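Read through the structure below, which is laid out as structure tokens, and then see the notes.
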Amino acid sequence: MSEAIRPLRVDRDRLWDSLMSMAEIGATARGGCNRQALTDEDKAGRDLFVRWGRELGCGVEIDQVGNIFLRRAGRDPSLDPVLIGSHLDTQPTGGRFDGVYGVLAGLEVLRSLSDHGLTTARSIEVASWTNEEGCRFAPAMLGSGVVAGSYDLDYAYSRTDKAGCSFGAELDRIGYRGSARAARRAFRAMFEAHIEQGPILEQTATTIGAVTGIQGAYWFDVTLEGLSCHAGPTPMESRRDPWRAACPIVAGAFALAGRHSPWGRATIGDLKVAPGSRNTVPERLVIAVDLRHPEKSVLDTMVAEFRELVAASARAHRIEFKIETVWHMPPTRFDAGLVERIDRCAAGLGLTHAKIVSGAGHDSLHTAQFAPTAMIFVPCTGGLSHNEAEEATLADLGAGADVLLQAVLGVADDLDPIPKESR
Ligand SMILES: [Zn+2]
């Protein structure tokens, strides 16, 4: 039997207990979590993670944007370490598994190695990236993005939430502005385990998704400006009401995604109305738009069509418009060798497995810019995520962590480049 698939398993009950302990922090009445980035709840979650790392004897490093790295030293400090990571922050009505699973599955890998008294050749680090969700501070995946060099430090510090609090001030307030440089380092590999956040694995009765890449996305703020006036005396035909342009834009965005099905996606996730008074025609609407597709050429076409849609709808109703690109995520391809390794490790453990594309963005898209990266997906009930009812089974979460452990061990000990499928 290949050394790479020695039948070492994680302690899935301990993993589950840790997930549930973390879920108590920021727990919501409907069974979810509200642990948004750099809030008191985020601080409490970070403190718990750091405490668990220290209890394991890990080194703890905090960088300039608050990313946390637990480090379990390997035998040879001259070798590039293996990184496992995801995020502990959640949406305001988030679930118990999105992100948290990847961080705590990483912790469980370290705990399992300690249980068995194993030391790998390479060091293993477990990262909790700051502000992955992007709900409090846009853009999403900010912590890993700064490390990758996609954003500079001052840009990150200057991000503000809806109340006007800055990322930098909030990072200081919770005591997580570290001194380690938030910059690229050499890693032999980076793994992220995550719930799928979509229905495909569940619908195909597949336990492990070896993720080949991530859909590309564009975030736009579309501002539509008309003229505010009295809701009573102003005749309909003489108004310049931005809603007149907004309605065909919203309907057109959905039609556009439909034309590029099954992978095209259009989401209108937020809307601001100014001045926001019932008996005043609004002067301004700001519509938050998210467009996605895994193929760059199709995504570019969708964006061009969307821009044309906005321009035509605004012109038809004498509305001024502005389209701002808030954020763009190009489609990401993961390291083929690591994807294959994950697939083979799943097979070696007797698990059902398939290659899959990620519909959501993850920190891994940033780490893929500077380290060979791959992701492991496990099913979540009904494909539901970013919802307090988000659910996953202990068996699937445990299986994903077992695959993570095998894949990490193989790389950290430089065993077969890709383990054999048979055993
Ligand atoms: Zn996530």
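Mean-square fluctuations from a GNM of the chain, with a 10 angstrom spring cutoff on Cα atoms, peak among Glu391, Glu55, Glu133 at Glu55. Counting every alpha-carbon pair across region 1-95, the share separated by more than 21 Å comes to 45%. P(r) for region 284-370, from all Cα pairs and a bin width of 5 Å, is 2, 10, 16, 17, 14, 11, 9, 7, 5, 4, 3, 1, 0 %, short bins first. Largest GNM mean-square fluctuation across Met22, Met302, Met236, computed for the chain with C-alpha springs under 10 Å, falls on Met236. With R₀ fixed at 45 Å, the C-beta to C-beta distance from Ala180 to Trp243 puts the FRET efficiency at about 0.40.
When Arg318, Arg292, Arg341 are compared by accessible area of protein heavy atoms, the largest-first order is Arg318, Arg292, Arg341, using a 1.4 Å probe. Can you tell me how region 51-171 classifies by the Cα gyration tensor, rounded, prolate or oblate, using a/c under 1.5 as the rounded cut? Cα axes put region 51-171 in the prolate bin. Helix content alone sets the calculated 222 nm mean residue ellipticity of the chain: runs of n ≥ 4 DSSP H residues at -39500 (n - 2.57) each, divided across all residues, give -10500 deg cm²/dmol.
Over the C-alpha trace of the chain, radius of gyration and Dmax come out as 22.9, 83 angstrom.
Less than 5 angstrom separates the built amide H of Thr28 from those of Cys33, Asn34, all sequence-distant by 5 or more or on a different chain.
Can you tell me what percent of all Cα-Cα pairs in region 147-276 are more than 16 Å apart? Roughly 81 percent, rounded to a whole number. A simple count of charges around Ala180, restricted to other residues whose Cβ falls under 14 Å of its Cβ and scoring Lys, Arg +1 and Asp, Glu -1, yields +2. Remark: region 165-181, residue by residue, has Karplus-estimated 3J(HN,Hα) of 6, 8, 4, x, 5, 5, 4, 5, 4, 8, x, 10, 8, x, 9, 5, 5 Hz, where x stands for each Gly or Pro and the curve is 6.51 cos²θ - 1.76 cosθ + 1.60 at θ = phi - 60°.
Largest GNM mean-square fluctuation across Val273, Val411, Val147, computed for the chain with C-alpha springs under 10 Å, falls on Val273.
What is the local net charge at Tyr151, summed over the other residues whose Cβ is closer than 14 Å to its Cβ (Lys, Arg +1; Asp, Glu -1)?
Working: positive: Arg159, Arg184; negative: Asp63, Glu132, Asp152, Asp154, Asp363.
Taking every other residue near Tyr151 into account, the sum is -3.
Using the Cβ of His260 as centre and a radius below 12 Å, the other residues enclosed give a net charge of 0, where K and R count +1 and D and E count -1.
Filter the DSSP H helices in the chain by two things, a Kyte-Doolittle mean of at least -1.0 and an axial alpha-carbon span of 20 angstrom or more, and list the hits by number.
Flagged H segments are 100-115, 242-259, 296-316, 394-412.
Applying the Karplus relation 6.51 cos²θ - 1.76 cosθ + 1.60 with θ = phi - 60° to region 129-146 yields 3J(HN,Hα) values of 7, 7, 6, 6, 6, x, 7, 8, 10, 7, x, 5, 6, 6, x, 5, x, 5 Hz, where x marks Gly and Pro. For the chain, the tally of Lys pairs with Cα-Cα distances below 24 Å comes to 7, considering only residues 8 or more apart or on different chains. Close amide-amide hydrogen proximity is noted between Ser358 and Thr212, Gly213, Ile214, Gln215, each under 5 Å apart and 5 or more residues distant or on a separate chain (H modeled in the peptide plane; Pro and chain starts excluded).
The values are calculated or read from the model by the stated rules, or taken from the named source; none is laboratory data. Just so it is clear, the structure is predicted and the values come from calculations on it, not from any experiment. We place every Cβ from the backbone using ideal geometry, glycine too, and count neighbours over all the protein chains shown. The area values use the complete protein model at the heavy-atom level, side chains included, leaving out ligands, DNA and RNA. Shrake-Rupley method; radii C 1.70, N 1.55, O 1.52, S 1.80 Å.
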